[in-house]
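The values are calculated or read from the model by the stated rules, or taken from the named source; none is laboratory data. If you're wondering where the values come from, they're calculated on a predicted model, not measured in any experiment. Quick reminder, even Gly has a Cβ in these numbers, built from the backbone with ideal geometry, and neighbours come from all protein chains shown.
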Amino acid sequence: MPVTDRENYLRTARLEGGEWIPCSVGMSGATWTSLREELEEVVARHPLFFPNFKKGKHNYDNWDYGPAHRPSEKFKDNWGCVWDNAWGGLEGQVVEHPLADWSALAAYKPPDPLVLEDRGPVDWEKNRENTANAKRDGRLTSGGVPHGFILMRLWYLRGFENLMLDMAENRPELRSLIRMLTDHNMALIRQWLSMNVDMVSFGEDLGAQTASIVSPRMFREWIAPAYRDLMKPCRDAGCEVYLHSDGYIMELVDDLIAAGVTIINPQDLCNGIDDLAKHVKGRVCISLDVDRQKIVPFGTRREIRELIREEVMKLGSRRGGLMLVCGIYPPTPADNVDAVCCAMEEFRTYWWDGRAT
C-alpha cells in the first residue's frame, strides 16, 4: 500500500525514513498581484504542489490582502496594536503600542482566545470540523499559535526599544506580561490538543541578518521558559512541535531543541547550509526555508537548481529529517518560481529512488 502524505510527513519529521522530501511553495499576495496570469501559467504546470489550482480564479484588480496587509491602511488588532502598511500583500509593522507606558498594564486585557483571533473572530467549532474532516481523509492535522507569540508580541505591545530596556533593567512588569502571553497561548494549545492533532506550530522571528535579536543569555532568561511551558504539553501528547523563525538563529538552536522543538524551520543562507548540517542535521527535522533574499529572486535557473541540490545532498538522508519550504515574494520573476518547482520535483525523491547509491 502506498505511503500517504501524512505518513510520509510524520516519518520525515521523526527521522524514521520516508519516500520523498515534503516540499511546498507559497506565494505572497504581493507576488500574485505583481505577476498575475504569468504566475498562473507556472502554477498550472506544477499540480504536485498546487493540486487544487484553477486558472482565472483570482480577481487581481480587487484583491483583498487582509488586515495588516492592505496598503495605506492603519489597522488596530484585537490586542490594541496599530499596524501600518506600505505595500499591499506584505505584512506591515506595528506603529502604536498599547503598553508603551507600563502604567497601562494594570487595566490591560488580552483578547479572549476562545472568542477572538489576533485580527478577527475565531470559530473553534469550524476548526474542530476541519480537523475531523482531515482525520477522516487521512490528512495531516495541525494547529498552532499566531506568528509572533512571545518575543514579537512583547515588542508589538511595548515597542522594540522599550522591550530591550525592559530586559536590560530586569523590569518585574515584563515578567507579568510574559505570564499573560503564556497563559493566552496555552489556552490555544489546549484547544488544539483536545482535537488530537498531529502537530502544533509555533512561529516568530528570533533572528536578524547575522545574529539573534536578543542574546542567548537574554533568550534563556526571558523567552525560553515560556517556550518550554508551551511546548511541553504538546510533546507529552505525542505531537510534533514545529517552530518557524526568520533570521540567524544558530546560537539559539540548542535552547530551541531543549524547549521541545522537533521540526525547526530556519532560513538556509542566513544560517549557513554547512552549519545547519553540522549542528542540526540528525538532531531534529529541518524544514528548510529556501532562500528568498538572493538566489531565488535574482539568480538563474541553474543557480536555483544547484542551491536546492546542495541542500538535499547536505541536509537530507534516507532517514528523512529534511523538508523544503519556499516562500515567494517580489521581485521574484515567474521563471524563477518555475525553476524552484522544477528543482524540488527533481530532487524530492533523491534519497530513495536509487540516485543516492
For this session: Kindly provide the set of residues from segment 23-34 that are in contact with a Gly (Cβ under 6 Å, 6 or more places away or on another chain), surrounded by 13 or more Cβ atoms within 10 Å (Cβ to Cβ) and not hydroxyl-bearing (S, T, Y), ordered by number.
Result: G29, A30
For this session: Search segment 73-96 for residues being out of contact with any strand residue (DSSP E or B) (no Cβ under 7 Å at 6 or more places or on another chain) and among the small types (G, A, S), and hand back the single one that is nearest to I150 (Cα to Cα).
Result: G80
Exercise. Taking segment 109-126, which residues are out of contact with any Phe, Trp or Tyr (no Cβ under 8 Å at 6 or more places or on another chain) and not β-branched (V, I, T)?
Worked result: K109, D112, P113, L116, E117, G120, P121, D123, W124, E125, K126
Problem set entry | Residue identified as surrounded by fewer than 21 Cβ atoms within 10 Å (Cβ to Cβ), at pLDDT 95 or above and within 25 Å of V42 (Cα to Cα) among K281, K294 | K294
Problem set entry | Which listed residue is crowded, with 19+ Cβ neighbours inside 10 Å and among the basic types (K, R), from R175, R158, R190 | R158
Exercise. Tell me, which helices (runs of 4 or more DSSP H) lie completely within segment 97-210 with 2 or more residues that are in contact (Cβ under 8 Å) with a residue 12 or more places away in the chain and touching a strand residue (DSSP E or B) at 6+ places or on another chain (Cβ under 9 Å)?
Worked result: 124-137, 151-158, 172-193
For this session: Return the total of residues in segment 98-131 being under 17 Å from P146 (Cβ atoms) and surrounded by 13 or more Cβ atoms within 10 Å (Cβ to Cβ).
Result: 11
Exercise. Which residues, counting only those in segment 53-65, are acidic (D, E) and either assigned to a loop (DSSP other than H, G, I, E, B) or at positive phi (or both)?
Worked result: D64
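Working carefully through the options E19, E37, find the one that is modelled with pLDDT of 95 or more and either more than 20 Å from V325 (Cβ to Cβ) or surrounded by fewer than 16 Cβ atoms within 10 Å (Cβ to Cβ) (or both).
E37
Can you find, within segment 1-27, the residue that is farthest from I308 (Cα to Cα) among those that are acidic (D, E) and not in a loop (DSSP other than H, G, I, E, B)?
This residue is E7.
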Seminar exercise, completed: If we ask which residues in segment 240-296 are part of a loop (DSSP other than H, G, I, E, B) and among the acidic types (D, E), their number turns out to be 2
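Here is a yes/no grid of residues against (1) under 19 Å from the mean Cα position of the chain (by Cα); (2) crowded, with 21+ Cβ neighbours inside 10 Å; (3) of a type in the set (V, I, T):
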residue	(1), (2), (3)
Q209	yes, no, no
D229	no, no, no
R235	yes, no, no
Y242	yes, yes, no
G247	yes, no, no
G260	yes, yes, no
P266	yes, yes, no
Exercise. Does segment 305-322 contain any residue that is in contact with a Ser or Thr (Cβ under 9 Å, 6 or more places away or on another chain), assigned to a helix (DSSP H, G or I) and of a type outside the set (D, E)?
Worked result: no
Problem set entry | Hey, A68 surrounded by 13 or more Cβ atoms within 10 Å (Cβ to Cβ) and part of a loop (DSSP other than H, G, I, E, B) or not | yes
Exercise. Which residue, of E19, E7, is free of Cβ contacts under 8 Å to residues at least 40 places away in the same chain and of a type in the set (D, E)?
Worked result: E7
For this session: Assess whether P47 counts as being surrounded by fewer than 18 Cβ atoms within 10 Å (Cβ to Cβ) and either of a type in the set (A, V, I, L, M, F, W, C) or more than 30 Å from G321 (Cβ to Cβ) (or both).
Result: no
For this session: Return a yes/no flag: does segment 157-176 have any residue that is within 18 Å of C81 (Cβ to Cβ), in contact with a Pro (Cβ under 7 Å, 6 or more places away or on another chain) and not β-branched (V, I, T).
Result: yes
Exercise. Are there any pairs, at least 6 apart or on different chains, whose C-beta atoms fall under 7 Å, with the first in segment 276-300 and of a type in the set (K, R) and the second part of a loop (DSSP other than H, G, I, E, B) and at pLDDT 95 or above, and if so, which?
Worked result: K281/G321; R292/Y329
Problem set entry | Residue tally, condition acidic (D, E), surrounded by fewer than 23 Cβ atoms within 10 Å (Cβ to Cβ) and under 19 Å from C270 (Cα atoms), over segment 298-348 | 3
